[in-house]
């Protein structure tokens with residue numbers, strides 16, 4: 001089974017109008033990315049994944065911008081502008097393919113009410129947080145209340161980890177060592193550390209090694225080939241390759257190109273005595289049943 005644990009809810013149900021297309025040139029060093037996409041764009045890019053976890057990012061209260069592409073919420077004719085309603089509507093249309101995560105903002109006075117609405121009424125199965133994009137301290141009491149509630153109900157949390165080209169997103173709020181402190185306090189909380197915490201992949205490896213319910217996804221890495229090879233070698237040396245989850249960060253990347261990059265990761269060191277990532281470990285990452293590990297089956 002191929003499971004993409006990290007993808008973003010499309011902003012448009014139908015085809016994106018040409019005058020609404022937003023192209024981002026900062027996310028990847030090798031090519032620009034269409035930041036706006038439709039349901040069909042998403043489904044095509046997710047082939048051949050069997051299941052995909054999908055989510056939006058909750059805006060700071062009163063702010064109608066997703067902080068990622070610099071655009072508004074897209075076409076709201078099929079939902080009311082709430083990112084969780086958009087995710088839930090998309091998942092309801094393709095329940096055999098998609099698993100929806102909610103996003104919350106701890107500064108929203110109705111945050112825990114929204115948690116319950118998403119968990120019960122919308123059927124969302126986990127939480128996406130990006131403290132740097134959402135600009136909150138991940139160790140402050142309002143954030144801790146989310147983690148406590150998630151642990152109580154067995155909902156995994158996917159945290160953005162590592163750097164970002166968004167100038168308004170404080171990098172310090174997404175450092176992997178913060179996850180160590182959260183996992184110490186919430187020992188049963190399942191956490192996915194996105195992007196292997198780039199560029200702090202070694203720190204990510206030692207944190208997921210330490211805590212049994214912490215995992216890392218490898219999205220946002222393969223288009224920096226040396227770092228991609230190096231981080232997987234480090235994960236092997238720290239004996240945590242079994243805790244690396246397949247992910248794309250769509251629309252930044254597709255499933256097919258991520259799989260291809262994984263299978264070609266050792267080309268960089270062909271003809272050298274440098275270590276290689278075992279091919280069987282690569283295939284296990286691609287085929288890993290992340291849903292079982294996260295309690296989502």
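Computed from the coordinates by the stated procedures, all read-outs in this text should not be read as laboratory data. Because the structure is predicted, anything quoted here is derived from the model rather than measured. With ideal geometry, Cβ positions are generated from the backbone for all residues, glycine too; neighbour counts draw on all protein chains shown.
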FRET efficiency for residue 242 and residue 109 from the Cβ-Cβ distance with R0 = 45 Å, rounded to 0.05, comes out at 0.65
Burial-style ranking of 93-103, 38-48, average other-beta-carbon count within 10 Å with highest first, yields 93-103, 38-48
Heads up, segment 68-135 by the C-alpha gyration tensor (a ≥ b ≥ c square roots of eigenvalues; a/c under 1.5 rounded, else a/b over b/c prolate, else oblate) looks oblate
Note: segment 173-280 at 37 °C, 0.692 mPa s; Kirkwood Rh on alpha carbon pairs; Stokes-Einstein D in µm²/s works out to 231 µm²/s
So residue 206 and residue 60, fully extended at 0.36 nm per residue minus their Cα-Cα distance, gain in nm 49.4 nm
With bins of 5 Å, the percent of all Cα-Cα pairs of segment 3-293 per bin from 0 is 1, 6, 13, 17, 20, 18, 14, 7, 3, 1, 0, 0
quick note, segment 3-293, DSSP beta bridge pairs, % antiparallel (nearest 5) is 10 percent
For the residue 274, residue 44 Cβ pair and Förster radius 30 Å, calculated FRET efficiency rounded to 0.05 is 0.25
Per principal axis, largest first, the Cα atoms of segment 121-229 extend in Å by 41, 31, 27
One finds the C-alpha centres of segment 213-276 and segment 98-138 to be spaced, in Å, by 28 Å
Highest mean packing first, using Cβ neighbours within 10 angstrom, the peptides 15-22, 201-208 sort as 201-208, 15-22
Taking only Cα atoms of segment 195-247, the Rg to Rh ratio with Kirkwood Rh works out at 0.92
Most packed first (mean Cβ within 10 Å per residue), the peptides 3-14, 278-289 order as 3-14, 278-289
